[in-house]
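Please read the structure below before turning to the comments.
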Amino acid sequence: MYKFNPQRIQIGISACLLGEKVRFDGGHKLSSYCSQELTPFFEFRPLCPEMAIGLSAPRKSIRLVREGQSLWVQSRDGSLDVTDKLNEFSARKVEELSGLGGYIFCAKSPTCGMERVIEYKRGTDNGNKAGIGVFARKLMERFPLLPVEEEGRLHDLVLRENFFTRVYAYHDWHQMRHKGLTKHDLVQFHSRYKYLLMAHSQKGYRELGLIVANIHELEATADQYFKVFMNTLKIHATRKNHTCTLQHIQGYFKKHLTAAQKVELSEMIMKYREGLLPLLVPITLINHYLRQFPVPYIENQVYLSPHPQELKLRYAY
Ligand code: SF4
């Protein structure tokens, strides 16, 4: 169970990304995006599993070695084998990480790589990119709904926005659960996320609506809901879906706006649809109209503000 931290969202991170000299070559992989831009928003929990099992820096580099169903973690010449140590440490460590709201991994590592890590054929330098780092795999198996991403992929603005949307939604869910869940809470939660979910997947939104409409055993329903919810948010929101969502919201203002204001909002939405404006522009205009003509149902929509504006996440598309 996620241990909710009301202060700040805790994000696990490969220690080398924060500049710790823990890599096999004694260096680091400092990410200025993580270490500078993200630190005001999150509490980082850095971890280097390889150092944690007693390896030093510098050290022999290790790799995933595949032979049939067996997978080892060892040096190229096989003289250093940390398979058992790393597996045991990872299995134990992930049990302490239930309070995390997300994880940022260093790519390609046999320990921290989240995907496409090379698995070598024993005794060769040949391999394929079918592997997952030992620690990353254990964490993702233990917390399959936890938002995870590789640092390099966060430079893609679409992937970045999707990751942080999930981080804040994951936290929001657990914040609600922390207070004690009621049927009313679940219905309200779904209502607040309506337009965000629609932007990600109309099918997912409808599926979640059916779950909420048929609450029998609350805990089981909540678990089912959260699984579909997080998987729906994983689907990338498209410009087409955002346009449709914005037009739905626009409908709530039709009695209030002047003809000129309606034209202005429609134009902003269509310019966004054509790729001439970022999403932030029509959203900002809608928020402006909301201050003039409050509509509580729309004001409560997470869609209009799913993460702090200072993270600058709605410029990508
Ligand atoms: Fe340590 Fe992971 Fe960075 Fe490798 S990728 S140095 S194991 S934190």
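Assorted remarks:
Residue-by-condition table, conditions (1) touching a strand residue (DSSP E or B) at 6+ places or on another chain (Cβ under 9 Å); (2) among the charged types (D, E, K, R):
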site: R23; (1), (2): no, yes
site: S35; (1), (2): yes, no
site: R45; (1), (2): yes, yes
site: A52; (1), (2): no, no
site: E95; (1), (2): no, yes
site: E119; (1), (2): yes, yes
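- From A15, A57, A52, residue being closer than 17 Å to E150 by Cα, open to solvent by less than 60 Å² (accessible area, probe 1.4 Å), of a type in the set (G, A, S) and within 14 Å of the ligand (Cβ to nearest atom): A15
- Residues satisfying the stated conditions in segment 63-81, i.e. surrounded by 11 or more Cβ atoms within 10 Å (Cβ to Cβ) and either modelled with pLDDT under 95 or over 14 Å from C112 (Cα atoms) (or both): V65, R66, E67, L71, W72, Q74, S75, R76, G78, L80, D81
- Within segment 216-229, residues that are more than 13 Å from W173 (Cα to Cα) sit with their Cβ atoms under 6 Å from residues that are open to solvent by less than 100 Å² (accessible area, probe 1.4 Å) and at pLDDT below 95, at 6+ positions apart or across chains, in these pairs: T221/I215.
- Qualifying residue in segment 161-175 (condition: in contact with a Pro (Cβ under 8 Å, 6 or more places away or on another chain), modelled with pLDDT under 95 and closer than 22 Å to G102 by Cα): yes
- Any hit, segment 6-29, residues being part of a loop (DSSP other than H, G, I, E, B) and of a type in the set (S, T, Y): no
- Test result for G133, in contact with a strand residue (DSSP E or B) (Cβ under 7 Å, 6 or more places away or on another chain), assigned by TED's automatic domain parsing to the domain that holds A52 and away from the ligand (no atom under 16 Å from the Cβ): no
- Every residue from segment 99-140 that is of a type in the set (S, T, Y) and under 17 Å from the mean Cα position of the chain (by Cα): Y103
The values are calculated or read from the model by the stated rules, or taken from the named source; none is laboratory data. Not measured: the values here are computed from a predicted model. Counting neighbours? That spans all protein chains shown, and the Cβs are built from the backbone with ideal geometry, glycine included. Accessible surface areas use protein heavy atoms only, side chains included; no ligands, DNA or RNA. Shrake-Rupley method; radii C 1.70, N 1.55, O 1.52, S 1.80 Å.
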